[in-house]
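Undergrad: After the structure tokens below, expect a handful of questions from me.
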Amino acid sequence: MSTEPSPNNRRLVLFPLPFQGHINPMLQLANILHTKGFKITIIHTDFNIPNQTNYRQFTFKSISDGLSKTMADNVNLDTVSSVINFMNKSYIPSFRNCLATLLEQEPVACLISDALWHFTQSVADSLKLPRIILRTSNMSCMLVYAAFPVLDEKSYFKTTIQEEPIKDLAPMTTRDIVKIMNGDFEEGKLELISSMIKETKAALGIIWNTFKELEEPEFLAISESFQVPSFPIGPFHKYFTASSSSLLEQDRSYMLWLDRQPISSVLYVSFGSVVHMGKSEFTNMAWGLANSKQRFLWVVRPASVSDSEWLESLPTGFMEEVGERGCIIKWAPQQEVLAHQAIGGFWTHNGWNSTLESICEGVPMICSPCAYDQPINARYVTDVWRIGVMLDNMSEREEIERAIKRVIIDKEGIEMRQRSKSLQKKVNLSLEKGGSANQSLDSLVDYLFSL
Ligand code: UDX
């Protein structure tokens with residue numbers, strides 16, 4: 001893609017949700033639209049401020065009056081939906097003022113807001129500004145979320161130890177649905193999702209960080225039930241060489257170590273930017289990795305393990321046992337790591353960005369989903385695309401060891417890698433001129449001109 005924009009003087013205002021898994025795709029989208037000649041303004045919250053040094057071509061506007069420091073310091077998988085519910089109320093006045101001031105200064109063609117910022121629809125309506133949403137996850141997830149009222153009515157969120165397929169919602173199982181709520185059903189979570197679905201249907205379009213060939217039936221189902229133009233133009237990160245919207249510092253010191261490892265021999269382990277785990281799960285992960293005797297690169301985010309600043313909970317003797325075979329770091333340049341020839345598998349929580357980044361590099365996965373869209377993504381990885389194994393119970397070290405060997409050394413792992421490589425080829429084709437993502441992007445640009 002050309003990096004020289006042809007100027008068209010149309011300004012777009014983009015509003016990312018302030019979490020790593022949402023900031024990355026929104027800033028990537030901003031870059032894509034900038035290369036198409038649009039002027040870009042990013043409105044961001046005073047919490048998790050994006051690093052602007054890498055985006056001098058954009059105008060940034062900050063809004064405040066949102067989270068207290070205590071709330072901001074305690075965002076994790078258990079609290080994130082109540083934090084997002086809170087922000088959808090607390091940021092209304094400052095967002096509205098900011099947008100109104102921008103509109104006084106110059107015309108704006110469209111607001112592109114994260115779908116989870118559902119309050120922005122009524123603000124955009126009140127200012128007569130067209131609103132399109134970016135859905136940072138995939139279409140399969142949106143369809144499952146749209147079925148929440150029915151799932152709730154049938155008590156699927158609260159029951160079930162036994163795993164059964166759900167009629168009319170294949171490939172999802174009862175266990176996946178319970179997992180979406182992270183074992184903690186709350187009305188607030190349902191409220192957030194139902195407001196998101198309602199205001200997505202009210203938007204003028206949906207931009208997706210996915211591609212048509214990956215979710216063909218879901219694309220048709222979405223077009224039918226949402227009746228809003230859909231633009232699957234992903235994977236966004238493939239339009240540019242490297243992501244530079246990381247909130248944490250990326251450690252590159254182990255790259256030389258990675259260069260020395262045999263092809264497809266290393267398991268990359270990372271659970272994204274918000275998962276938090278207990279000590280016993282962490283210890284089991286460590287012993288599973290050690291006992292598998294396979295090579296690994298493990299991202300352990302500071303403060304992501306209960307009562308630990310970083311690695312204090314590692315079992316005694318673990319480092320000696322593992323020696324040169326494993327590396328542990330705080331944060332990685334993930335896309336670059338996944339593209340490295342030494343990587344043979346990815347043990348992931350299946351956040352959508354991680355899942356898509358793995359597909360783009362043809363890397364098979366071990367799926368340990370925790371909540372929200374992750375169980376849905378994991379189910380598609382294992383049962384539909386067949387490029388990974390499920391490991392959603394981390395209480396048995398032997399099961400962990402077995403899953404690692406299945407993906408890294410067994411014949412089954414080789415077959416998954418082959419299927420993943422064929423999806424990688426489809427990704428590349430879809431991004432080429434005339435490919436589906438490329439065509440969707442052209443349609444999106446035309447659409448933005450027509451508003
Ligand atoms: C959150 C939700 O948990 C996820 O389910 C949803 O799909 C998006 O929002 P997160 O948990 O952070 O996201 O996971 P994910 O979507 O995988 O995003 C993580 C991002 O951080 C990826 O782009 C990944 O490349 C990046 N990352 C991760 C790094 O740059 N370095 C790392 O060491 C780990």
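Undergrad: Show which lysines lie in cross-link reach of K405 when reach means a straight Cα distance below 18 angstrom and same-chain residues fewer than eight apart are skipped.
TA: Leaving aside lysines fewer than 8 places away in the same chain, those within reach of K405 are K293.
Undergrad: Next question, about the same structure. Return one number: the angle in degrees, 0 to 90 and rounded to the nearest 10, between the long axis of the Cα atoms of helix 279-292 and the longest principal axis of the Cα atoms of the chain.
TA: Approximately 60 degrees, to the nearest 10.
Undergrad: Same structure again: Roughly speaking, what is the stretch gain from A339 to K421, that is 0.36 nm per residue apart minus the C-alpha to C-alpha distance, in nm to one decimal?
TA: Working: separation 82, 0.36 × 82 = 29.52 nm, distance 1.18 nm.
Computed gain between A339 and K421 is 28.3 nm.
Undergrad: Here's another thing I want to ask about it. Taking 0.36 nm per intervening residue step and subtracting the Cα-Cα distance, what contour gain separates Q439 from S225 on full extension?
TA: 74.8 nm
Undergrad: Relative to the Cα centre, what is the charge dipole magnitude of the chain, using +1 at the beta carbon of each Lys and Arg, -1 at the beta carbon of each Asp and Glu, and rounding to the nearest 20 debye?
TA: 1020 debye
Undergrad: While we're looking at this one, here's another question. When the label point is put 7 Å from the Cα of L451 along its Cα-to-beta-carbon vector, which residues of region 104-136 have a backbone N closer than 14 Å?
TA: So the set is 107-115, 120-135.
Undergrad: Per residue of region 436-451, what does 6.51 cos²θ - 1.76 cosθ + 1.60 with θ = phi - 60° give for ³J(HN,Hα)? Whole Hz please, x for Gly and Pro, Karplus curve as stated.
TA: 5, 5, 4, 5, 4, 5, 4, 5, 4, 4, 4, 4, 5, 6, 7, 6
Undergrad: Could you work out how far apart the two model spin labels at R386 and S122 are, taking each label as a point 7 Å from the Cα in the direction of the beta carbon, and quote it in nm?
TA: With each label placed 7 Å out from Cα toward Cβ, I get 4.9 nm.
Undergrad: Let me ask something else about it. With the crude spin-label approximation of a point 7 Å out along Cα→Cβ, what separation in nm comes out for K61 versus L247?
TA: 2.3 nm
Undergrad: Could you state the angle between the C-alpha long axis of helix 92-105 and the longest principal axis of the C-alpha atoms of the chain, as a value from 0 to 90 degrees rounded to the nearest 10?
TA: Helix 92-105 sits at roughly 50 degrees to that axis.
Undergrad: Further, regarding this structure: By how many nm would the segment from E216 to I49 grow when fully extended, if each residue of separation counts as 0.36 nm and the alpha-carbon distance is taken off?
TA: Answer, rounded to one decimal: 56.6 nm.
Undergrad: Suppose R0 equals 25 Å; then what is the FRET efficiency for N428 and Y254 from their Cβ-Cβ distance, rounded to the nearest 0.05?
TA: Efficiency, rounded to the nearest 0.05: 0.35.
Undergrad: Any idea how far the Cα center of region 217-237 sits from the one of region 375-451, in Å?
TA: Measuring centre to centre over Cα atoms gives 17 Å.
Undergrad: Please list, in order along region 410-420, the HN-Hα scalar couplings obtained from phi with the Karplus expression 6.51 cos²θ - 1.76 cosθ + 1.60 (θ = phi - 60°), rounded to whole Hz, x for Gly and Pro.
TA: Once rounded to whole Hz, the list reads 6, 4, 3, x, 5, 5, 5, 5, 5, 5, 5.
Undergrad: For region 77-153, report the % of Cα-Cα distances exceeding 21 Å.
TA: 40 percent
Undergrad: Once R0 is set to 35 Å, what does the formula 1/(1 + (r/R0)^6) return for the Cβ-Cβ distance between N76 and W287, expressed as a FRET efficiency to the nearest 0.05? Mind showing how you got there, number by number?
TA: Details: r = 24 Å, r/R0 = 0.69.
The pair N76/W287 has a calculated efficiency of 0.90.
Undergrad: Provide the packing ranking of 114-120, 292-298, i.e. peptides ordered by the mean count of other C-beta atoms within 10 Å per residue, highest first.
TA: The densest-packed peptide leads the list: 114-120, 292-298.
Undergrad: Something else about it: Please state the shape class of region 303-451: rounded when a/c is under 1.5, otherwise prolate if a/b exceeds b/c and oblate if not, all from the C-alpha gyration tensor.
TA: prolate
Undergrad: Rounded to the nearest 0.05, what FRET efficiency do E398 and S68 give with R0 = 56 Å and r taken as the Cβ-Cβ distance? Could you check?
TA: Working: r = 44 Å, r/R0 = 0.79.
So the FRET efficiency works out to roughly 0.80.
Undergrad: Something else: 5 Å is the cut-off here: which amide hydrogens, built 1.01 Å from N in the peptide plane, fall below it relative to I63, excluding neighbours closer than 5 in sequence?
TA: H44, T45, D46
Undergrad: Next question. At 1.306 mPa s and 10 °C, plugging the Kirkwood radius over alpha-carbon pairs of the chain into Stokes-Einstein gives what diffusion coefficient in µm²/s?
TA: Details: Rh = 22.6 Å.
My calculation gives 70 µm²/s for D.
Undergrad: Output the peptides 268-280, 420-432 sorted from most to least packed, where packing is the average of other Cβ atoms within 10 Å over each peptide's residues.
TA: The packing order, highest mean first, is 268-280, 420-432.
Where a number appears in this text, it was derived from the coordinates with a stated rule and is not lab data. Since the model is a prediction, treat every value here as computed from it, not as a measurement. Reconstructed Cβ throughout: ideal geometry from the backbone, glycine too, with neighbour counts over all protein chains shown.
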